[in-house]
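The structure appears right after this line, and notes come after that.
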Amino acid sequence: MLKVGVTGGIGSGKSAASIRMEELGAYRFDADKEAKEILNENEQVQEDLIEEFSSDILNPDRMINSKKLARVAFANDENQAVLNAIIHPHVFESIDRQYGKVLEKGEASLFVVDAALIYESGLDQHLDYVIVVTVQYGLRMQRALKRGKLKRDQIQKRMDLQLPEEAKVHMADFIIDNSGSEEHLIMQVDEIYSQIT
């Protein structure tokens, strides 16, 4: 069973592409969701983050506040690197563990990792293929704003901390242009899926 990464900047539509692959028969591992679960449940991770970023990231009940953590972690390259160094090894372990379970069941055609930071984390070295979902800057911003979770300056800051889209496109095994309709996205995903399964 091949291990395939689907990545793209904030607002690119990477999750829509990986969800389509799941509909086609792939197992979808949501790395961002897994990272949040690790953050909420792993005491060692919590201790390491408090040690690095101090009590500035805590609620009055001494629990980590994800919004405060995001504000500190996305303030600059160095803080983001620290956050990633703490969380990514645990995410990698979860990917390997889940891959083993899915492989054993033999029910999925592909194991798809939906993750924003595939190249930045070095995860690409552990994958058979990487698919990059790309979209024009203005459209990415518009889609990210539409979600209503982040303000424009917060989205821009995250975009600035991610590897530039051109670099990802240059390294990709497959590229999906998501500047058009949902049907166009699905058509491209289906084509890639049929090539690698």
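Would you mind finding the one in Ser15, Ser121 that is in contact with a strand residue (DSSP E or B) (Cβ under 7 Å, 6 or more places away or on another chain), closer than 30 Å to Glu182 by Cα, surrounded by 12 or more Cβ atoms within 10 Å (Cβ to Cβ) and among the polar types (S, T, N, Q)? Testing whether each residue is in contact with a strand residue (DSSP E or B) (Cβ under 7 Å, 6 or more places away or on another chain), closer than 30 Å to Glu182 by Cα, surrounded by 12 or more Cβ atoms within 10 Å (Cβ to Cβ) and among the polar types (S, T, N, Q) leaves just Ser15.
Checked against the criterion of being of a type in the set (A, V, I, L, M, F, W, C) and closer than 23 Å to Val169 by Cβ, the candidates Ile95, Ile57, Ile19 yield just one match: Ile19.
Lys157: of a type in the set (D, E, K, R), surrounded by fewer than 20 Cβ atoms within 10 Å (Cβ to Cβ) and assigned to a loop (DSSP other than H, G, I, E, B), yes or no? When the stated conditions are applied, Lys157 does not pass them.
Across the stretch 55-70, the number of residues qualifying as within 13 Å of Leu161 (Cα to Cα) and either in contact with a Lys or Arg (Cβ under 6 Å, 6 or more places away or on another chain) or not in a helix (DSSP H, G or I) (or both) comes to 0. Just to check your reading of the model, which residue among Leu150, Leu145 is surrounded by fewer than 21 Cβ atoms within 10 Å (Cβ to Cβ) and part of a helix (DSSP H, G or I)? Of the residues listed, the single one that is surrounded by fewer than 21 Cβ atoms within 10 Å (Cβ to Cβ) and part of a helix (DSSP H, G or I) is Leu145.
State whether one or more residues within the stretch 136-145 are at pLDDT below 95 and on the phi > 0 side of the Ramachandran plot. No, that holds for no residue.
Rundown of residues vs (1) surrounded by fewer than 16 Cβ atoms within 10 Å (Cβ to Cβ); (2) of a type in the set (A, V, I, L, M); (3) touching a Leu at 6+ places or on another chain (Cβ under 6 Å); (4) assigned to a strand (DSSP E or B), yes/no style:
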site	(1), (2), (3), (4)
Gln46	no, no, no, no
Phe53	no, no, no, no
Val72	no, yes, no, no
Ile95	no, yes, no, no
Tyr99	no, no, no, no
Val112	no, yes, no, yes
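Residue check: Glu23 meets all listed conditions (1) over 22 Å from Leu127 (Cα atoms); (2) surrounded by 12 or more Cβ atoms within 10 Å (Cβ to Cβ); (3) without any contact (Cβ under 8 Å) to a residue 40 or more places away in the chain but one, namely (1).
The values are calculated or read from the model by the stated rules, or taken from the named source; none is laboratory data. The shown structure was predicted, so the numbers you read here are calculated from the model rather than taken from an experiment. Because the Cβ atoms are built from the backbone with ideal geometry, glycine has one as well, and the counts that use them run over all protein chains shown.
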